[in-house]
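**Q** Quick one: the structure is below, questions incoming.
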Amino acid sequence: MFHKILIANRGEIALRIIRACKELGIRTVAVHSTADADALHAKVADESICIGRAPSAESYLNMKAIISAAEVTDAEAIHPGYGFLAENAEFAEICQNCGLTFIGPTAENIRLMGDKIAGRQSVTKAGVPILPGTKDNVATVDEAQKIASEIGFPVIIKATAGGGGKGMKVVHSPASLPNLFATARAEARASFGNADVYIEKYCEQPRHVEVQILGDKHGNVIHLGERDCSIQRRHQKLIEEAPCPVLTPALRKELCQCAVEAARSIGYSSAGTMEFLLDKNNNYYFMEMNTRVQVEHPVTEMITGVDIIKEQIRAAYGEPLRYQQKDIKIQGHAIECRINAEDPVKFTPSPGKVEGYHPPGVLGVRIDSAIYDQYTILPHYDSMVAKLIVHADTREEAIKRMARALDEFIIGGVKTTIEFHQRIMANKDFIEGNVDTSFIERLKL
Ligand code: MV4
């Protein structure tokens, strides 16, 4: 096994990876910005190195500084976590060229799935259903009009280099297309440095269902079931759960098998996620693949008992998966609430000093967080400060357990979204599993 891993991230995910390394007997190197000298990940790692100033571009996205830190400390591998450099194919390549193992898929797989058109085309070859749409970029308004009328309105314009919802435009009529097309291209260029867009049939009020994949370097690929991530606001997931409350066993089997075939067809060798839209009639369509470990991976860990990060590290080292598909048993129900240091109504950031920290506990309650009493939540980074995850025998019990845990959870000194989550746990539609991706927008608070 690796002797030493550098973790190119911060916050709860850096801590999560350090904990996995400790259990695997691997030494850890944390990297941190000047502003993060007091951050927990930098304190609990075996070594820690400052890699630049507070802005991410100068530190957590600073490839040269990170590679240098790995070289100075004799680390053999780099775990990128999520965000930052996790889906940067160039970084994965640089790691390999420097003799460092990138703990993730190959640069080719990252690049393939980073191009949303190429990703769509590639899974289609494995027999995975996609929504009707273009096989190439759409360059002009005329072309866009022609395609939209063929597919039928509403359509959605998406950035080819995008993902995660940025720069997407829903078009309901030919009259509104020219402006939205131009805006989509401009936003794509501004966000991704690439104005390319493509067009798909728009699926109304879908659920977001994604399948957790684990692959290794021996050609084995398994799934760990699905997660329902329909509770989102402006493309930020707020609550995730597993399993999806509306899938029948037969449909679950089909969807998960489909995701495995798609991953196998590209020789996927790490942890990854296939994202699908599930429409009102329970038709599913591939959206995109995330070639990283995700924020919401704990709900899958809770219902399967599989430590996804440890498996991902083992796979990167070249070990075969320790599980076959038949070993994976889904047990009970898990829910995760992302707790952000934000105004619970306006969702505006609320950084500042934590004054009083009292986490909930007892059976079936897990907290992934890197904050502590008197810690100062910084304005420079993501506002997520804790993930509260519960596990119970049934969905109904999991919701009750989450409500109880939220009631116990005290994060003083800053505003948090705890009270927002309390309202959701008491919401009739949520309790009945009657949600889709526009649930939050429709919510009357
Ligand atoms: C869609 C869609 C409807 N139809 N594609 C949002 C994130 C990005 N991965 C793709 N997204 C969507 N793609 C078609 N053809 C609706 C969304 C979407 C969405 C998807 C999942 C979760 C929340 C969402 C919120 C708005 C739109």
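The values are calculated or read from the model by the stated rules, or taken from the named source; none is laboratory data. In this text, all values refer to a predicted model and were calculated from it rather than measured experimentally. Backbone-built Cβ (ideal geometry, glycine too); neighbour counts: all protein chains shown. Note: areas computed on protein heavy atoms with side chains; ligands, DNA, RNA excluded. Shrake-Rupley method; radii C 1.70, N 1.55, O 1.52, S 1.80 Å.
**Q** Each residue of the range 373-383 in turn: what ³J(HN,Hα) in whole Hz from Karplus with 6.51, -1.76, 1.60 and θ = phi - 60°, glycine and Pro shown as x?
**A** Those phi angles translate into 4, 6, 6, 9, 6, 8, x, 6, 10, 3, 8 Hz.
**Q** Hey, another quick one. Are there any GluC sites (Glu not before Pro) in the range 194-264 that are in a DSSP loop and have at most 16 other Cβ atoms within 10 Å? List them by number.
**A** Glu204
**Q** Just from its helices, what would the mean residue ellipticity at 222 nm be for the chain, if runs of 4 or more DSSP H residues each count -39500 (n - 2.57) and the sum is divided by every residue, rounded to the nearest 500 deg cm²/dmol?
**A** -10000 deg cm²/dmol
**Q** Turning to a different aspect of this structure: Report, in whole Å, the centroid distance computed from the Cα atoms of the range 125-198 and the range 316-344.
**A** The range 125-198 and the range 316-344 have Cα centres spaced 32 Å from each other.
**Q** What residue among Gly162, Val306, Met425 has its Cα farthest toward the positive end of the dipole of the chain, where the charges are +1 on Lys, Arg and -1 on Asp, Glu, each on the Cβ?
**A** Farthest towards the positive end: Met425.
**Q** Which cross-chain or sequence-distant (5 or more) residues have an amide H under 5 Å from the amide H of Gly225, H modelled 1.01 Å from N in plane?
**A** Hits under the 5 Å cutoff: Gln212.
**Q** Further, regarding this structure: Please compute, for the alpha-carbon atoms of the range 260-344, the extent along each of the three principal axes and give them in descending order in Å.
**A** That works out to 44, 32, 25 Å along the principal axes.
**Q** Would you mind checking the pairs Lys253/Lys280; Lys135/Lys158; Lys253/Lys428 and listing those with alpha carbons more than 24 angstrom apart?
**A** Where the Cα-Cα span goes over 24 Å, the pairs concerned are Lys253/Lys428.
**Q** Same structure, new question: How much space per residue, in cubic angstrom, does the convex hull of the C-alpha atoms of the range 192-293 take up?
**A** Each residue corresponds to 129 Å³ of Cα convex hull volume.
**Q** Turning to a different aspect of this structure: On average, how much accessible surface per residue is there in the chain, in Å², for a 1.4 Å probe, leaving out ligands, DNA and RNA?
**A** Normalised by residue count, the accessible surface of the chain is 40 Å².
**Q** How much of the accessible area of the range 132-201, in percent, comes from carbon and sulfur atoms when a 1.4 Å probe is used?
**A** Solvent-exposed carbon and sulfur of the range 132-201 make up 53 percent of the total.
**Q** With a cap of 16 neighbouring Cβ atoms within 10 Å, and only residues DSSP puts in a loop, list the GluC sites (Glu not before Pro) found in the range 318-421.
**A** Hits after loop and neighbour filter: Glu355.
**Q** Enumerate the calculated ³J(HN,Hα) couplings along the range 37-51 in order (Karplus 6.51 cos²θ - 1.76 cosθ + 1.60, θ = phi - 60°), each rounded to whole Hz, writing x wherever the residue is Gly or Pro.
**A** Karplus-based 3J(HN,Hα) across the range 37-51 equals 4, 9, 5, 4, 4, 6, 7, 8, 6, 5, 9, 9, 10, 7, 10 Hz.
**Q** Could you work out the relative contact order of the chain? I mean the mean sequence separation of Cα pairs under 8 Å and 6+ apart, divided by the number of residues, in percent.
**A** RCO, the chain: 14 percent.
**Q** Considering only protein heavy atoms, what is the solvent-accessible area of Lys217 at a probe of 1.4 Å, reported in Å² to the nearest 10?
**A** Roughly 110 Å² of Lys217 is accessible to a 1.4 Å probe.
**Q** Using modelled backbone amide H atoms (1.01 Å from N, in-plane), which distant-in-sequence or interchain residues come within less than 5 Å of Val385's amide H?
**A** Correct list: Ile339, Asn340, Ala341.
**Q** For the range 431-440, what does the Karplus curve 6.51 cos²θ - 1.76 cosθ + 1.60, with θ = phi - 60°, yield as ³J(HN,Hα) per residue in whole Hz, taken in order and with x for Gly and Pro?
**A** 4, 7, x, 9, 9, 8, 6, 9, 3, 5
**Q** May I pose another question? Only Cα pairs under 8 Å and at least 6 apart count here; give the relative contact order of the range 8-124 as a rounded whole percent.
**A** 20
**Q** In the chain, if every C-alpha pair distance is counted and binned at 10 Å from zero, what percent goes to each bin?
**A** Result returned by the calculation: 4, 21, 31, 29, 14, 2, 0.
**Q** Per q in 0.23 1/Å, what log10 I(q)/I(0) does a Debye calculation on the alpha-carbon atoms of the range 248-293 return?
**A** -0.85
**Q** In whole Å, largest first, what are the principal axis extents of the Cα atoms in the range 4-103?
**A** Taking max minus min along each principal axis of the Cα atoms, the range 4-103 gives 31, 30, 23 Å.
**Q** Let me ask something else about it. List every residue whose amide H lies under 5 Å from the amide H of Ile130, counting only residues 5 or more places away in sequence or on a different chain, with H placed 1.01 Å from N in the peptide plane.
**A** When sequence neighbours closer than 5 places are left aside, the close amide H contacts are Phe286.
**Q** Another one. To check my understanding: the extent here is largest minus smallest coordinate of the Cα atoms along each principal axis. What are those three numbers for the range 186-236, in Å, largest first?
**A** Reported extents, whole Å, longest axis first: 42, 29, 22.
**Q** Among Val293, Val171, Asn88, whose Cα lies farthest out toward the positive end of the dipole of the chain, if unit charges sit on the beta carbon of Lys, Arg (+1) and Asp, Glu (-1)?
**A** Positive-most Cα among the choices belongs to Val171.
**Q** Here is a further query. What would the Debye formula give as log10 I(q)/I(0) at q = 0.14, 0.16 Å⁻¹ for the alpha-carbon point model of the range 207-443, no solvent?
**A** -0.92, -1.16
**Q** Still on this structure: Among residues other than Ala392 whose Cβ falls under 9 Å from its Cβ, what is the net charge (Lys/Arg +1, Asp/Glu -1)?
**A** My count for the surroundings of Ala392 gives 0.
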